[in-house]
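Participant: Below is a structure I'd like to ask you about.
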């Protein structure tokens, strides 16, 4: 179903709890059984009118594309020299306080 509002770029004009229901549904949660019946239908109507998404349907599962890097790519992008601005954040072995034994 085509949505009137692009949810990733523009935030819909929904109450926070209804927006939370929409976010849960987009994350793959089956909100039909997580909410009381009256609340579910009230949220469904608000979301349907504002965005065009019907939360009574199964949400579309997004698959994440896995990127594999070969060893040559990793070797060519290896950091060999650390900038001097970051040198202070590195662990340097040295003085270590010793605590008295109990």
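Participant: Does the stretch 58-74 contain any residue that is modelled with pLDDT of 90 or more, at negative phi, surrounded by 11 or more Cβ atoms within 10 Å (Cβ to Cβ) and out of contact with any strand residue (DSSP E or B) (no Cβ under 8 Å at 6 or more places or on another chain)?
Facilitator: For the stretch 58-74, residues modelled with pLDDT of 90 or more, at negative phi, surrounded by 11 or more Cβ atoms within 10 Å (Cβ to Cβ) and out of contact with any strand residue (DSSP E or B) (no Cβ under 8 Å at 6 or more places or on another chain): absent.
Participant: Moving on to the next point. Test residue 55 against the criterion of being in contact with a helix residue (DSSP H, G or I) (Cβ under 8 Å, 6 or more places away or on another chain), assigned to a loop (DSSP other than H, G, I, E, B) and at pLDDT 85 or above, and give yes or no.
Facilitator: yes
The values are calculated or read from the model by the stated rules, or taken from the named source; none is laboratory data. These figures come from a predicted structure and were not determined experimentally. FYI the Cβ positions are ideal-geometry reconstructions off the backbone, even for glycines, and counts take in every protein chain you see.
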